[in-house]
1. Could you tell me which residue out of A:SER94, A:VAL140, A:MET109 lies farthest along the dipole of the range A:75-156 toward its positive end? Charges go on the beta carbon: Lys and Arg +1, Asp and Glu -1, centred on the Cα centre.
2. What is the calculated FRET efficiency for A:ASP322 to A:THR351, with r their C-beta to C-beta distance and R₀ = 30 Å, to the nearest 0.05?
3. What is chain A by shape, rounded, prolate or oblate, if you read a ≥ b ≥ c off the alpha carbon gyration tensor as root eigenvalues and call it rounded for a/c under 1.5, prolate for a/b larger than b/c, and oblate otherwise?
4. Pull up the DSSP beta bridges for the protein assembly as shown and report the antiparallel fraction as a percent, rounded to 5.
5. Just rank B:SER30, A:SER96, fewest to most, by other beta-carbon atoms within 10 angstrom.
6. Express as a percent, rounded to the nearest 5, the fraction of DSSP beta bridges in chain B (both residues included) that run antiparallel.
7. State the extension gain, in nm to one decimal, for the chain segment bounded by A:ALA105 and A:GLU343, taking 0.36 nm per residue of separation less the distance between their alpha-carbons.
8. Run lengths n ≥ 4 of DSSP H only: what is the helix-derived mean residue ellipticity at 222 nm for the protein assembly as shown, with -39500 (n - 2.57) per run over all residues, to the nearest 500?
There are 2 protein chains.
Amino acid sequence: MIANQFYTPEFHGEYELVSIGRLDLEEGGSIPDCHLAITTWGEINEARDNVILITTWYSGTHQIFRDAYVGEGHALDPSKYFIVCINQIGNGLSTSPHNADGPNADLAMSKFPKVRIGDDVVAQERLLREHFGIEKLALVVGGSMGAQQTYEWAIRFPDKVERAAPIAGTAQNTPHDFLYTESLNEQIWSDPGWNGGEYKSNEDVEDGLKRHAHIWGIMGFSTEFWKQEVWRALEFESKEAFLEGFLEPYFTVMDPNDLLCMAWKWQRGDVTRHASGDLEAALGRITAKTFVMPISEDMFFPPRDCKAEQELVPNSELRVVDDVLGHLGLFGVAPTYIPQIDEHLGELLATKV
Amino acid sequence: MIANQFYTPEFHGEYELVSIGRLDLEEGGSIPDCHLAITTWGEINEARDNVILITTWYSGTHQIFRDAYVGEGHALDPSKYFIVCINQIGNGLSTSPHNADGPNADLAMSKFPKVRIGDDVVAQERLLREHFGIEKLALVVGGSMGAQQTYEWAIRFPDKVERAAPIAGTAQNTPHDFLYTESLNEQIWSDPGWNGGEYKSNEDVEDGLKRHAHIWGIMGFSTEFWKQEVWRALEFESKEAFLEGFLEPYFTVMDPNDLLCMAWKWQRGDVTRHASGDLEAALGRITAKTFVMPISEDMFFPPRDCKAEQELVPNSELRVVDDVLGHLGLFGVAPTYIPQIDEHLGELLATKV
């Protein structure tokens, strides 16, 4: 375990750490005392049928949802819904390589086991059931790796998921996406400070994390984002200043092993594990009303890939979100982004199931 | 100067080294004895009006044109045209960081000066004029950085260029492209073996060159290339085997300083230097009949960017080349690629000017 001030309530606002006990993992081994960091908004109603689950993306936490997605006036409205955001395993707030201690001390740093999207979803289901008594979700929604978890939920627990909204992500990770993520990983692995995962501080891996941020710059945003100099809206004076003032500090505060843990999961997200490799069969199990919501300019979860999956989901619609930011449109920076999310999610939530 | 067996006739087939003497550079300084490596096919006619110039791309040489683009039955037909391929400065065959010796010895390795696309074009024009007595080009054609040189030719020497075919490249490099190239560079710079450019052998930088190859893998090909497993047509058994057996060896034999020299040029390709930053004015100077030929799935010279420029070229047409390979379709691997090139170039060459 190493100290990292980024993964604290001072930086992330209040959250609760809930233990779900031992979590046995698909790849073998287990997390002896798995903690999930959660935040909730709103109140559960008597019928217990107003629950929304939000899942998190690579590098993401509940924070972005609190800041951009959830609130009165939004589709994710705490005055109507009981909204639970569960931070994924390895994201630095839930049990993760950098914070493994106590009963999990044997899993610290480079010794952290491989975790799969399915492990997260099993852990989340247990938490919702045991901690809150929740058996039904009005909506599961998440972006990127959160979309992977959303699909996994809808296929693994079809009776519990009434509606699903995977944003900017796929049910079966693509080979291009695998290679993209591998190049991100390589930036960390190639930094001598990484030291096989046994660094003393994330600062030891600062160079690698900066290169990692730069690759996000070319794939996470779109060619048009850079051409139109959209970063000027964020009050930067040059693209270099934007990299240095936005993308680099976003990633350099993070823990390298935590990022690698999430990346391993992301690379292997694949719902066909439930159907012997048959994507049509796997997606055919979804009973939730589903809006598949790619972002128009996404360079690594392009609408084409999302559409191909949507066509295999029985009760689904394709809702493309227009955003010149590309994948990182997920940050909600463009003033036109959240209104589209609200429109689609609002319509989805209003659909009788 | 360091020895590198890749940059020899054994690997590249015969070529001629032509000295054009001292080349003064736009960024200051000069190359005391600039050599350009050239290959020619066919014979110049009496009217001296059947000359085609081929320019080269990042990492490329005349070899790919000999193997895939030039020959009887192709538009670039040596039985009709005198075809000259001039290797760009820094590509390892022409004067480059790794081979600077004799009068150029002071420019070796990390001391090599910054070279611009305009320097190449000035050098090429001098070579064609002084060495061959060529004053008119029936066609200038090149892909990627070769397209940058093609545009530069058409704007700098409008009276000499009758037809122009920039393939998969732009007249003004985009900011996204700049950042993409910077991430390629960073893979080299971050390898401790690079040693500030003073390595003993390209093998010292093998790790960096492999990571560099991997980033080509995610941006140089398309998401569809990987999804459709097009590499199977090249008889590889997995995407990893394709990376290891194709992309890695392609780049690891190359010289890191040479790649960096070309990358610096690529990043700053910009014809608006001739028109005080005004792209419309610069492209408006082109008198050549021009076919702008982006590749449909290109992720960093997308058709959208090429089309925006084409619309500013007076006597031009947009001819999109369909290829699921993306930018590296330029290699001519897809059986449908070269026929499209031949069709467009054939039509362009048949156009009266």
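Derivation of every value follows stated rules applied to the coordinates shown; laboratory data play no part. Being a predicted model, the structure only gives us computed values, none of them experimental. Neighbour counts run over all protein chains shown; Cβ positions are idealised from the backbone, glycine included.
1. A:VAL140
2. Efficiency, from the Cβ-Cβ distance: 0.85.
3. Note, shape of chain A comes out rounded.
4. Around 35 percent antiparallel, to the nearest 5.
5. By the 10 Å Cβ count, ascending, the order reads B:SER30, A:SER96.
6. Here the antiparallel bridges make up roughly 35 percent for chain B.
7. Contour length minus Cα-Cα distance gives 81.2 nm.
8. -9500 deg cm²/dmol
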